[in-house]
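The block underneath contains the structure these notes are about, expressed in structure tokens.
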Amino acid sequence: MNDLWRTPKEVFKYFNDQYGFVCDVAASDHNHLCDEYLTEEINALTLDWWRHAEPGEFVWCNPPYSKPLPWVQKCIDESIDNGIGSVMLLNHDMTTKWATLLLSIQCEVIVLTGSRISFLNGEGKAIKGNAKGQVLFVIPPYVRYGEPKTTYLKLSTVMEAL
């Protein structure tokens, strides 16, 4: 099930080098990428993230792709209310409710180009044939409503990060 797929280390490292993630907020005991992480059992959607991140810090969020909307709302709320930034990895589909919500804030939209991410299964093996491209949304601490900024980034540049 693709809700449990893990982000390749190269992708995580590329963005972690820029944002210094303090917590993986949509993780499991088997797919977390930060030492500090929140699992489904802990339920990050109902938990206050300030217990795991300080104002001005960033968290990593590769949410379950079957229901990203509550995660998008939570990341925006944590930014506005607590000053916690998020970097969200999502499918590139700008026709959804969650995309409409993200496109109403002053975030950065990073569209990955040239290829699609091969996510990792439970054994850490690459899953080929990803049907959709990916996009990252960088929600800064204390985000405001307004126009997002869009940039394009070759996935090959990201994958060379290790």
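For this structure, a couple of remarks:
- Only residues that are over 11 Å from residue 104 (Cα atoms), more than 16 Å from the chain's Cα centre (by Cα) and not in a loop (DSSP other than H, G, I, E, B) were counted across region 129-148, and they come to 0.
- Of all residues in region 34-56, those satisfying the criterion of being touching a residue at least 24 places away in the same chain (Cβ under 8 Å) and surrounded by fewer than 19 Cβ atoms within 10 Å (Cβ to Cβ) are 34, 45, 48, 50, 54, 55, 56.
- Any chance residue 128 is at pLDDT below 95, within 24 Å of residue 29 (Cα to Cα), in contact with a helix residue (DSSP H, G or I) (Cβ under 9 Å, 6 or more places away or on another chain) and loosely packed, with under 13 Cβ neighbours inside 10 Å: no
- Filtered residues of region 37-58 (kept if more than 15 Å from the chain's Cα centre (by Cα), under 18 Å from residue 82 (Cβ atoms) and in a loop (DSSP other than H, G, I, E, B)): 42, 43, 46, 47, 48, 52, 53, 54, 55, 56
- Scope region 2-33; condition in contact with a Gly (Cβ under 8 Å, 6 or more places away or on another chain) and either buried (at least 17 other Cβ atoms within 10 Å of the Cβ) or modelled with pLDDT of 90 or more (or both); matching residues: 6, 19, 31
- Qualifying residue in region 97-111 (condition: acidic (Asp, Glu), under 17 Å from residue 11 (Cβ atoms) and surrounded by fewer than 19 Cβ atoms within 10 Å (Cβ to Cβ)): yes
The values are calculated or read from the model by the stated rules, or taken from the named source; none is laboratory data. All values reported here derive from a predicted model rather than from experimental measurement. Every residue, glycine as well, gets a Cβ built from its backbone with ideal geometry; the counts of neighbours run over all protein chains shown.
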